[in-house]
1. Long-range amide H contacts for residue 88: which residues qualify at under 5 Å (H placed 1.01 Å from N, peptide plane, sequence gap of 5 or more or a different chain)?
2. P(r) for segment 247-374, please, calculated from all Cα pair distances in 5 Å bins and given in %.
3. Using per-residue counts of other Cβ atoms within 10 Å, averaged over each peptide, order 26-32, 128-134 from highest down.
4. For segment 36-173, place one equal point scatterer on every Cα, skip the solvent, and apply the Debye formula. What is log10 of I(q)/I(0) at q = 0.15, 0.18 Å⁻¹?
5. What pairs from 17/105; 17/146; 345/371; 65/105 go past 24 Å between their alpha carbons?
6. Quick one: the Cα spread of segment 301-417 along its three principal axes, in angstroms, biggest first?
7. Please identify, among 392, 97, 44, the residue showing maximal mean-square fluctuation in a Gaussian network model of the chain using a 10 angstrom Cα cutoff.
8. Classify the chain as rounded, prolate or oblate from the Cα gyration tensor: take a ≥ b ≥ c as the square roots of its eigenvalues, call it rounded if a/c is under 1.5, otherwise prolate when a/b beats b/c and oblate if not.
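The values are calculated or read from the model by the stated rules, or taken from the named source; none is laboratory data. Quick caveat, the model's predicted, so the values are computed rather than measured. Don't worry about glycine lacking a Cβ; one is built from the backbone with ideal geometry, like all the others, and counts go over all protein chains shown. Calculation scope for accessible area: heavy atoms of the full protein, side chains included, ligands and nucleic acids excluded. Shrake-Rupley method; radii C 1.70, N 1.55, O 1.52, S 1.80 Å.
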Amino acid sequence: MSKSKGNGVDPIDVIDKFGPDALRFGLAMLCTETQDVRMPVQFECPHCETLIDQTKENRERPRIKCGKCGGEFSTQWARTPEDMALPRGPVVSERFEQSRNFCNKLWNASRFAMMNLEGYTPGAVTDADLSVEDRWILSRLNTVTKEVTAALESYRYADAVRTLYDFAWDEFCSFYIEMAKARLQDEASRPIAQRVLAHTLDTLLRLLHPMIPFITEEVWQLLAQFAPQRGVESPTEAATSVMIADWPKADEARIDLEIEQRFTRFQGVLGALREIRSRQNIATRDQLEFSVRCEPAVADLLRPMQPYFEQMAKATAVSLGPHVTPPATNATVSLAGAEVFVDLKDFIDVAAEIERNEKLREKLLGQIGGKEKKLSNASFVDRAPADVVQKERDSLADLQSQLATVEAALETLRSMT
């Protein structure tokens with residue numbers, strides 16, 4: 001942005017369109033220390049809300065005609081009475097839309113949490129009371145608290161924001177809340193689920209308050225009506241305002257790296273299952289069978305997650321481990337250190353799978369060619385550290401294994417046409 005070029009974004013325009021919290025959150029996300037950040041700037045037509053890219057030709061014009069509705073509007077360069085009489089087109093950037101969407105996501109998740117806190121009773125929660133998803137979310141919550149605190153103390157605002165964004169959107173909203181739904185409907189498991197849910201939301205609000213103070217204060221006040229005392233070990237009365245609440249402190253004893261790795265693997269496989277279901281146009285009500293070819297250690301992490309695959313993807317794991325044989329008709333997604341195969345005997349779209357596998361084959365061939373060229377360079381092999389060279393060789397072997405799988409799948413698929 002440059003004042004002399006007139007392509008700056010008026011914060012009032014952003015507030016009017018996306019809200020003050022979206023502005024603050026978006027600005028914090030853009031604070032990347034010394035690295036420049038691209039920020040597209042656009043005029044918004046006040047008549048039809050069409051976004052019009054700012055260009056070298058139009059950015060200093062006093063009035064602009066919308067190409068969609070034909071209406072004219074003024075810009076910040078309007079000076080004559082005729083131009084100033086036109087409706088003003090605000091200058092905005094799509095970078096703040098992501099922040100607005102995040103605020104909406106947090107608000108909706110908070111509403112869901114409070115709708116399910118009816119009958120909430122505070123109380124200490126022992127480790128024996130916690131389900132596997134409770135132990136995971138509490139571990140992640142303390143890991144995130146530790147990372148965000150360190151980032152803010154060293155003025156790395158963008159790192160803090162991105163950590164909170166990923167945790168709140170992907171882990172708290174998209175996974176934990178989904179997993180907790182069944183327990184929140186069960187009278188026996190409901191009290192523990194409510195206490196962990198209220199505690200997690202409480203801590204998340206305090207971590208997010210410096211970036212989005214308005215929505216966090218509003219949710220804090222509403223949460224107090226349902227859960228005035230919160231905490232999983234020794235519940236205490238919540239502060240009257242989030243702005244005077246204590247900053248969260250990470251509890252190292254709650255951090256469980258093994259369970260975090262387990263859920264990371266689970267999230268990857270679940271994403272692959274959803275991708276295949278979408279790609280093959282398989283209805284969400286249809287049951288899936290899948291296999292994962294992976295190292296024994298990865299299989300050990302995934303095996304206890306079977307109930308969650310059933311709950312969140314309506315999918316059953318029939319085989320996990322290094323000796324998995326792909327079904328004759330399958331769709332596959334390659335992950336880091338794992339390959340996911342879904343049996344498509346009842347759903348196969350042969351043409352679509354052939355096309356996708358051919359594209360994947362070309363991509364793998366290109367990557368393999370690049371690795372082979374690098375490893376055939378005597379200068380690189382002789383001068384690079386031994387561990388770096390070995391890492392490249394291991395990567396090449398993994399790519400070649402993926403290629404063999406893809407070519408086998410193509411051979412099977414072509415035999416069906």
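1. Close amide H contacts, sequence-distant or interchain: 74.
2. Calculated P(r), rounded to whole percents: 2, 10, 18, 20, 17, 13, 9, 5, 4, 2, 1, 0.
3. On the way: 26-32: 18.3, 128-134: 16.1.
Result, highest mean Cβ count within 10 Å first: 26-32, 128-134.
4. -0.89, -1.05
5. Values: 17/105 17 Å; 17/146 34 Å; 345/371 36 Å; 65/105 35 Å.
Exceeds cut-off: 17/146; 345/371; 65/105.
6. If we take the Cα atoms of segment 301-417, the spans are 52, 38, 22 Å.
7. 392
8. Working: a/c = 1.76, a/b = 1.17, b/c = 1.51.
Cα axes put the chain in the oblate bin.
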